[in-house]
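Written out below as structure tokens is the structure these notes cover.
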Amino acid sequence: SLMLISMNQSNPNLAKPQVWEAVKWAIDYEGIQKNIIPLTHAVHQSMDPAGSPGTVTDTPFKKDVAKAKALMAEAGLADGFDITMDHYSAQPSPDIAQALQANLGEIGIRVKLLSAENRQVLTKMRARQHEMALSAWGTDYFDPNSNAEVFCINKDNSDDAKKKPFAWRSNFKNDELAAKAEAARDEKDPAKRLELYEALQREFMHNSPFAIMFQNTKTAACRKGVNGFQLGVLSEGNSYLGTSKA
């Protein structure tokens, strides 16, 4: 599961690539991880989760206020702008949202936080009604295409599109990224396929309105005498089949 900020491209300020980069350079990834979520999340900036085949674990973005401000000025937004950010009401989202609010405030992005139950936030995103949103995305199956497909392949960006992947929710359509994602998906040579996905991930980091920040780590605590519980790699993979109590 990845925690990320989505920037809706229907907002003219958020539609500027320099703003995408500015947001990513404004975030204090290490500070948030160490002070708010030290035991549950690790810093991760690729659209594919660590542990999946071909995942890039580079973390090119660090907090750099000067760099982020320069990008804002390049976008013609040196004075910043006002924006809303939806987020889940359950912890740790509120604490992280407040930290992000402070980080973005340093570069002139004045964020109003909107807290709601998870389902409400997701319903709003699925209706494309958010501006910025702090949410999570879980991988469906153990292949890099699982996330590349939903983040990169948006063929029809109309409101009544038949397919509505995660990218569609934020009005993000990039035909070049989509073509590269499809080429990687269809590549027959296993080694070449992973190389294509690695290149795609690095391009996506810098050329998308999604600031991927953290990867969740699940921990199972079992009392003495309990054996055989298996914590799955994917969210639906937990197994009690072999669990026993002494």
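The values are calculated or read from the model by the stated rules, or taken from the named source; none is laboratory data. Note that the structure is predicted; figures quoted are calculated from it, not measured. Every residue, glycine among them, receives a Cβ derived from its backbone with ideal geometry; neighbour counts consider all protein chains shown. Side chains included, ligands, DNA and RNA excluded: accessible areas come from the protein's heavy atoms. Shrake-Rupley method; radii C 1.70, N 1.55, O 1.52, S 1.80 Å.
Observations
- Protection proxy ranking for 159-170, 180-191, using the average of other Cβ atoms within 10 Å per residue and placing the highest first: 159-170, 180-191.
- A helix-only calculation puts the chain at -10500 deg cm²/dmol for mean residue ellipticity at 222 nm, using -39500 (n - 2.57) for each DSSP H run of at least four residues, averaged over all residues.
- Separation in nanometres of the label points that stand 7 Å from Cα toward Cβ, at Lys218 and Lys155: 3.2 nm
- Here's the picture: a label point sits 7 Å out from the Cα of Glu236 along the beta-carbon direction, and within segment 111-154 the residues with their amide nitrogen under 20 Å of it are 119, 122-123, 136-151.
- Between Ser1 and Leu113, the C-beta separation translates, for a Förster distance of 25 Å, into a calculated FRET efficiency of about 0.70.
- In order along segment 70-86, the Karplus-derived 3J(HN,Hα) couplings, from 6.51 cos²θ - 1.76 cosθ + 1.60 at θ = phi - 60°, round to 5, 5, 4, 5, 4, 7, x, 10, 4, 8, x, 6, 9, 7, 10, 10, 7 Hz, and Gly and Pro are given as x.
- Overall Cα dimensions of segment 87-135 - principal axes, largest extent first, Å: 30, 23, 12
- Stretch gain in nm, segment Val65-Gln98, where the contour uses 0.36 nm per residue and the Cα spacing is subtracted: 10.2 nm
- Asp143 sits among other residues whose Cβ lies under 13 Å from its own Cβ, and their net charge, with Lys and Arg +1 and Asp and Glu -1, is -3.
- Highest mean packing first, where packing is the average number of other Cβ atoms within 10 Å per residue, the peptides 111-120, 204-213, 218-227 line up as 204-213, 111-120, 218-227.
- Amide N of segment 148-179 lying under 15 Å from the label point, which is placed 7 angstrom from the Cα of Glu187 along Cα→Cβ: 148-149, 177-179
- 30 Å Cα-Cα threshold exceeded, pairs from Lys34/Lys67; Lys62/Lys112; Lys16/Lys188; Lys69/Lys163; Lys62/Lys188; Lys180/Lys218: Lys16/Lys188; Lys69/Lys163; Lys62/Lys188; Lys180/Lys218
- In the context of the full set of protein chains, segment 1-123 has a per residue accessible area of 42 Å² (1.4 Å probe).
- Around the amide H of Phe81, modelled in the peptide plane, lie the amide H atoms of Ile109, Arg110, all under 5 Å away and 5 or more residues distant in sequence or on another chain.
- Charge context of Gln129, other residues only, Cβ under 11 angstrom, K/R +1, D/E -1: +2
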